[in-house]
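Reading through the structure tokens given below for one structure.
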Amino acid sequence: MKSIRVFLIVATLATLVLVVFISTVQGYRASMVEAQRLFDGQLQEQAHFAASLRTDDLSHMDRDTHAAYQLWQRVPGGEPLLLAHTGNIPGVLLANLTPGFGYANFSGYRWRTYVYFPDHGNLIVVAAARDDIRFQLAESVITEAILPIALWLPLSGLLIWLIVGRGLKPLHALAQQLRGKASHDLSPIDLPRRPVELDQVVHSVNSLLSRLQGAFEREKRFAADAAHELRTPISVLKIQLHNLAQGHPEQSAQIDQLQHGVERMQHLVAQILDLHMLTPGQLSAGFVAVDLYLSAQQAIADGYSRFADKGQAVELTGGGDRAPAPTVAGDPFALDTLIRNLLTNAGKYSPRGACIHVDVSAGAETATLVVEDSGPGIPEGERERIFERFHRVGGDRHDSGESGCGLGLAIVRNIAELHHATIAVDRSPLGGARFALTFPLLREPDTP
Ligand code: ADP
């Protein structure tokens with residue numbers, strides 16, 4: 001079934017048409033019987049009237065009239081004698097002259113007949129009316145009564161359409177609420193004034209959402225707890241390795257490799273913790289005004305030695321007398337992490353001597369942070385996937401030979417979502433990757 005609405009309308013209309021059809025047929029039959037009864041009554045009266053006419057009057061009656069009469073005289077012990085008849089009926093005995101109704105065929109038509117024996121005298125009156133005319137008359141009266149019902153059917157269809165649409169409104173509202181939910185929003189559905197039929201659905205969906213929320217919480221807490229617990233042993237391991245390197249200089253190559261592995265593990269643990277702490281829902285209250293330019297400046301200064309080691313030039317633009325200032329409402333730690341992750345990637349994946357450009361600007365409604373580099377860039381088909389957790393271009397080994405765990409951009413996306421920012425990934429005019437993040441600008445009166 002494609003649409004409940006279409007099904008209900010078709011089913012209701014089909015039932016309506018069937019009911020109207022059956023009652024029309026029955027009504028038609030009953031009306032026909034009633035009409036015949038009325039016409040018979042009329043014929044009876046006409047026979048009574050004819051009995052009072054003079055024979056001359058009867059003979060001169062118009063032959064085109066739809067009523068015909070014969071006047072007979074009873075002859076005791078013999079054949080009745082025809083006294084008079086109208087021009088449209090032959091002067092012969094049409095049937096047995098027994099009182100009551102019957103049918104006869106003459107003058108090319110079928111006639112309804114009525115034989116009347118008046119109480120006084122010895123007359124017999126035969127009155128006849130054309131059956132086809134009676135039938136046409138009855139049919140036209142009945143059709144006129146029934147036709148409007150058929151004409152109302154399209155209007156009924158329209159009304160049913162509107163009523164069904166109204167009845168399905170709560171279902172649309174439910175679908176809209178579910179569709180409008182953000183990917184991380186597992187809060188229960190609130191459908192006030194819902195019909196009882198939807199109670200069960202809403203309860204089931206809400207219980208599913210709450211179980212999902214619980215499962216997500218447990219999963220996040222487990223990863224975060226595990227990462228947290230791993231931090232201390234990793235630090236101890238690092239110190240032990242340092243001491244080991246001091247005591248055994250002849251094994252420095254192997255110890256270096258071990259140290260490198262432990263550093264990767266430390267980075268992974270730190271990123272898992274960041275990912276957990278900076279998930280929408282974890283952070284939201286306590287936003288303050290953050291100047292993106294100042295944050296970028298600080299992040300560049302902090303990472304300067306790493307860029308310098310690779311001979312990379314980092315340029316920051318957008319400063320000076322900026323009006324308006326690129327201030328956003330946000331969490332300073334989260335925004336700092338976002339900028340650092342983008343900068344770290346630009347430095348990490350760009351070769352020695354590459355250029356890195358950071359630009360922070362503000363428009364009428366938005367503040368934009370751009371981080372671009374002259375590195376290898378990101379293939380078009382990968383620009384969506386790089387934000388997935390643990391996804392790295394080229395899998396475990398990146399062309400640059402740089403190690404990583406594929407969480408940095410997932411964290412960036414979480415932080416952007418948290419601040420209602422959008423991310424666009426492009427090829428930079430410098431030749432490498434270009435990440436542009438657009439935040440809603442914090443207006444002066446809103447400043448917390
Ligand atoms: P990680 O750097 O730990 O692998 P990220 O989530 O930070 O994880 O990045 C995901 C992938 O996106 C990286 O593995 C890399 O392939 C690609 N990437 C990110 N930034 C850049 C960049 N500036 N230049 C080229 N590739 C990049």
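Contact annotation: residue pairs with Cβ atoms under 7 Å, 6 or more positions apart or on different chains, pairing a residue in region 387-408 that is of a type in the set (Lys, Arg) with a partner that is within 8 Å of the ligand (Cβ to nearest atom) and modelled with pLDDT of 75 or more, are ARG389/GLY406; ARG389/LEU407; ARG389/ALA410; ARG392/GLY404; ARG392/GLY406. For region 354-373, the candidate set comprises residues that are more than 12 Å from the ligand (Cβ to nearest atom) and in a loop (DSSP other than H, G, I, E, B); within that set, the residue that is least open to solvent (accessible area, probe 1.4 Å) is GLY363. Taking the conditions (1) away from the ligand (no atom under 16 Å from the Cβ); (2) surrounded by 14 or more Cβ atoms within 10 Å (Cβ to Cβ); (3) acidic (Asp, Glu) in turn, ASP336 satisfies each one other than (1). Of the candidates ILE142, ILE133, ILE149, the single residue that is at pLDDT below 90 and touching a Ser or Thr at 6+ places or on another chain (Cβ under 6 Å) is ILE142.
Which of the residues spanning region 200-225 are free of Cβ contacts under 8 Å to residues at least 24 places away in the same chain, open to solvent by less than 80 Å² (accessible area, probe 1.4 Å) and of a type outside the set (Ser, Thr, Tyr)? Hits for region 200-225 are ASN206, LEU209, GLY214, ALA215, GLU217.
You will find that of PRO351, PRO376, the residue that is open to solvent by 10 Å² or more (accessible area, probe 1.4 Å), near the ligand (Cβ under 9 Å from one of its atoms) and free of Cβ contacts under 8 Å to residues at least 60 places away in the same chain is PRO376 and no other.
When the residues of region 1-21 are filtered to those that are more than 22 Å from the chain's Cα centre (by Cα) and not β-branched (Val, Ile, Thr), which remaining residue is most open to solvent (accessible area, probe 1.4 Å)? Among residues in region 1-21 that are more than 22 Å from the chain's Cα centre (by Cα) and not β-branched (Val, Ile, Thr), the one most open to solvent (accessible area, probe 1.4 Å) is PHE21.
Those strands (runs of 3 or more DSSP E) of region 80-174 in which at least 2 residues are open to solvent by 70 Å² or more (accessible area, probe 1.4 Å), considering only elements entirely within it, cover 81-85, 100-106, 109-116.
If you go through region 189-203 and pick out every residue that is within 20 Å of the chain's Cα centre (by Cα) and farther than 22 Å from LEU8 by Cβ, you end up with 3. Screening ARG54 against (1) out of contact with any helix residue (DSSP H, G or I) (no Cβ under 9 Å at 6 or more places or on another chain); (2) modelled with pLDDT of 90 or more leaves a single unmet condition, (2).
Scanning region 20-32 turns up at least one residue that is under 18 Å from LEU137 (Cβ atoms), out of contact with any His (no Cβ under 7 Å at 6 or more places or on another chain), free of Cβ contacts under 8 Å to residues at least 60 places away in the same chain and small (Gly, Ala, Ser). Being within 9 Å of the ligand (Cβ to nearest atom) and open to solvent by less than 20 Å² (accessible area, probe 1.4 Å) is a condition met by at least one residue of region 382-390.
Might you check whether a residue that is open to solvent by 40 Å² or more (accessible area, probe 1.4 Å) and away from the ligand (no atom under 15 Å from the Cβ) occurs anywhere in region 430-438? Within region 430-438, one or more residues are open to solvent by 40 Å² or more (accessible area, probe 1.4 Å) and away from the ligand (no atom under 15 Å from the Cβ). Of the residues that make up region 266-289, is at least one open to solvent by less than 40 Å² (accessible area, probe 1.4 Å) and free of Cβ contacts under 8 Å to residues at least 40 places away in the same chain? Checked against the condition, which is being open to solvent by less than 40 Å² (accessible area, probe 1.4 Å) and free of Cβ contacts under 8 Å to residues at least 40 places away in the same chain, region 266-289 yields no hits at all.
Evaluation of LEU174 against the conditions (1) in contact with a Leu (Cβ under 9 Å, 6 or more places away or on another chain); (2) in contact (Cβ under 8 Å) with a residue 40 or more places away in the chain shows that the sole unmet condition is (2).
Annotation note: of ALA313, ALA308, the sole residue that is within 25 Å of GLY404 (Cβ to Cβ), out of contact with any helix residue (DSSP H, G or I) (no Cβ under 6 Å at 6 or more places or on another chain) and without any contact (Cβ under 8 Å) to a residue 12 or more places away in the chain is ALA308.
The values are calculated or read from the model by the stated rules, or taken from the named source; none is laboratory data. A quick note: this is a predicted structure, and the numbers were derived from the prediction, not measured. Cβ coordinates were reconstructed from backbone atoms using ideal geometry, including for glycine residues, and neighbour counts include every protein chain displayed. Side chains are part of the model used for accessible areas, which takes the heavy atoms of the whole protein and leaves out ligands, DNA and RNA. Shrake-Rupley method; radii C 1.70, N 1.55, O 1.52, S 1.80 Å.
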